[in-house]
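See below for the structure under consideration.
Readers should treat all values here as calculations from the given coordinates under stated rules, not as data from a laboratory. Because the structure is a prediction, the values reported are computed rather than measured. Note that each Cβ is placed from the backbone with ideal geometry, even for glycine, and that neighbours are counted across all protein chains shown.
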Amino acid sequence: MKEFDELLDIMHRLRQECPWDRDQNLLSLRAYLLEEAYECLEAMSSPDENHHIEELGDLLLQIIFQAEILSEQNPNGPAILKVIQTLKDKLIRRHPHVFADKKLSQASEVASQWDEIKKSEKKSSDQKSLLDGISKSLTSLQLAQKLGDKSRKVKFDWNTSEEVWKQFLSEIEELKQAKTSSEKEHEIGDVFFSLVQWARHQNIDAEVALATANSRFRSRFQKMEAEASKTKTPFQDLSLEDKEKLWQKAKLEDAQ
């Protein structure tokens, strides 16, 4: 595709002529990949389609940037072509119900099939634990959710979300009884973990839910600041009661 080829040419030129782009490596790009992924996640909740498209472009930049560096390290053809071909092969291989004769009609069946094919692709000698294969780069919320998913597949899980909720309430009580800082840290970790498992049973992605809540808080707080500026009183000098009124107003605006 012409536009994609032009994009690759731009990236190649940047690596040759831009001092900043030239100085980057795979290690330095890690932080930017995470940042762009989270900005794209936030844009997915925005009604502004153009904003979402822009963030998808920024995320794509990280992919072609890494591919360009890989091409420089191993000049046996553009790495981006290998990325695309590997992805194409994987999608076809893991969707035999679409590209072969196997028939599936339920999304749950597709997910199970994907896991089985993925498992068969991994060398059994490489797996020392049933939890192997979970990325160590995940956030703590994502990791907790993945650990729950993995344990569910080997039938080590709560049967219902009500059971998980009881566990969550039990962890809350244990947190209340904690005395030392160490005990409190331990128990609040258990609270977070059990709440993530409850979210999982509700088919809620805990990471997305928290990211959305963070974005919502930021938006409402900025609205509060904007309202406070109209009174000529610095936000920090407002009483807690006045701040609460501004918060409720911002919350009401979000609901409209």
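The overall shape of the range 177-256, judged from the alpha-carbon gyration tensor, is oblate: a/c is not under 1.5, and a/b is no greater than b/c.
The relative contact order of the range 2-77 comes to 33 percent, based on Cα pairs under 8 Å that sit 6 or more residues apart. The Gln113 and Ser28 beta-carbon pair, evaluated with R₀ = 45 Å, returns a calculated FRET efficiency of approximately 0.75. The distance linking the range 128-159 with the range 226-249 is 44 Å (Cα centroid to Cα centroid, whole angstrom).
Once the Cβ-Cβ distance of Gln248 and Asn214 is raised to the sixth power relative to R0 = 22 Å, the FRET efficiency obtained is 0.70. Once you divide the Cα radius of gyration of the range 122-204 by 2.2 N^0.38 Å, the number left is 1.24.
Given axes a ≥ b ≥ c from the Cα gyration tensor, I'd like to know whether the chain is rounded (a/c under 1.5), prolate (a/b larger than b/c) or oblate. Taking the square roots of the gyration eigenvalues as a ≥ b ≥ c, the chain is oblate.
Annotation for the range 198-256: trypsin sites (Lys or Arg not before Pro) lying in DSSP loop with at most 14 further Cβ atoms inside 10 Å of their Cβ are Lys230, Lys232.
Entry note, the range 157-215: relative contact order of 36 percent, from Cα contacts under 8 Å with a spacing of 6+ residues.
Dipole orientation for the range 1-114: of the candidates Asn74, His12, Tyr32, Asn74 has the Cα lying most toward the positive pole (charges on Cβ; Lys, Arg +1; Asp, Glu -1). Dividing the summed helix terms, -39500 (n - 2.57) for each DSSP H run of n ≥ 4, by the number of residues in the chain produces a 222 nm estimate of -24000 deg cm²/dmol to the nearest 500.
Placing a label point 7 Å from the Cα of Trp20 along the Cα-to-Cβ line, the residues of the range 43-73 whose backbone N sits under 20 Å from it are 54-69.
With each label modelled as a point 7 angstrom along the Cα→C-beta vector, the Glu6-Gln222 pair spans 3.1 nm. Net length available on complete extension from Asp89 to Phe235 is 47.0 nm, with 0.36 nm assigned per residue and the Cα-Cα distance removed.
Would you please classify the overall shape of the range 136-184 from the alpha carbon gyration tensor, given that a ≥ b ≥ c denote the square roots of the eigenvalues, rounded means a/c under 1.5, and beyond that prolate means a/b larger than b/c while oblate covers the rest? Oblate, since a/c reaches 1.5 and b/c is not below a/b. Entry note, the chain: relative contact order of 11 percent, from Cα contacts under 8 Å with a spacing of 6+ residues. Length available on full extension from Glu163 to Glu121: 0.36 nm per residue minus the Cα-Cα distance, which gives 11.6 nm. Our summary of shape: the Cα atoms of the range 48-106 have principal axis extents of 41, 40, 11 Å, ordered from largest down, in whole angstrom. Measuring spread by the Cα atoms of the range 1-152 yields a radius of gyration and Dmax of 18.8, 53 Å.
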